[in-house]
1. Where Lys and Arg each count +1 and Asp and Glu each count -1, what net charge lies around residue 56 among other residues with Cβ under 14 Å from its Cβ?
2. How much net charge surrounds residue 6 when only the other residues with a Cβ under 10 Å from the Cβ of residue 6 are counted, with Lys and Arg +1 and Asp and Glu -1?
3. Taking only the Cα atoms of the chain, how large is their convex hull per residue, in Å³?
4. Within straight cross-link reach of residue 7, meaning Cα distance under 27 Å, which lysines are found once same-chain residues fewer than 8 apart are removed?
5. So how far apart, in nm, are the two label points at residue 186 and residue 91 if each is 7 Å from Cα heading toward Cβ?
6. Of all DSSP beta bridges in the range 7-189, what percent run antiparallel (nearest 5)?
7. Looking only at the range 58-86, which residues have a backbone nitrogen under 11 Å from a spot 7 Å from the Cα of residue 113 in the C-beta direction?
8. Under the definition of Cα pairs under 8 Å and six or more residues apart, what whole-number percent is the relative contact order of the range 1-136?
Amino acid sequence: MTHGRGKLIVISAPSGCGKTTITNALLRRNPEFIFSVSATTRTKRRNEVHGKHYFFLTEDEFRKAIDNNELVEWEEIYGDCYGTLKRVIDEALESGKVILFDIDVNGGLSIKKHYPDDTVLIFIKPPSLEDLKKRLRGRKTEGVEQLERRLQRVPMELEKGKLFDYSIVNDDLDKAIHEVNKIVHNEIHSVTN
């Protein structure tokens, strides 16, 4: 890795494990980091801003981005498409920025495949499956059917999480944030490889 090049930090987890909360805490603690805004075809939720939380694209726009090879990774999850724009990553790496990703496990592994020397994969695990079910039900952001679809993905996500560089159990949010922050700083400063 050449000095001055950026770092790609991927944080993945099953839904409800706190990856977005942890990512946001890291961004607050490290204002010099930038957040990788994913593209999606899903409907914008209340309080979400285009270009800040996601690039909200139509199905056609998303398909065009795929056809033009503008996405490093993309996946259809729960009927909506999510992906990472190549230009966002390339710009961050070239300008020496640390870029944080809050994406699913397959997306994380795909980024590592495209940028093996620049990517650090951190997987957030729930303390238990029961705890995860409780958290998801408590969120009340999706209906019963959506909740079941999210839970059906968990075994696959936990299995693929084993391929990540680091794995953190989020049984205490402050502790998990501290651990992830420490990993990120160790990785950023271990430029001598």
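Just so it is clear, none of the values below were taken in a lab; they were calculated from the coordinates. Note that the coordinates shown come from a computational prediction; the quantities given were computed from them, not determined experimentally. Counting neighbours? That spans all protein chains shown, and the Cβs are built from the backbone with ideal geometry, glycine included.
1. 0
2. That works out to -1.
3. Hull volume over Cα atoms, normalised by residue count, gives 119 Å³.
4. 19, 52, 86, 97, 112, 113, 125, 160, 162, 175, 182
5. A separation of 3.2 nm, rounded to one decimal place.
6. Counting DSSP beta bridges with both partners in the range 7-189, the antiparallel share is about 30 percent.
7. 73-74
8. 44 percent.
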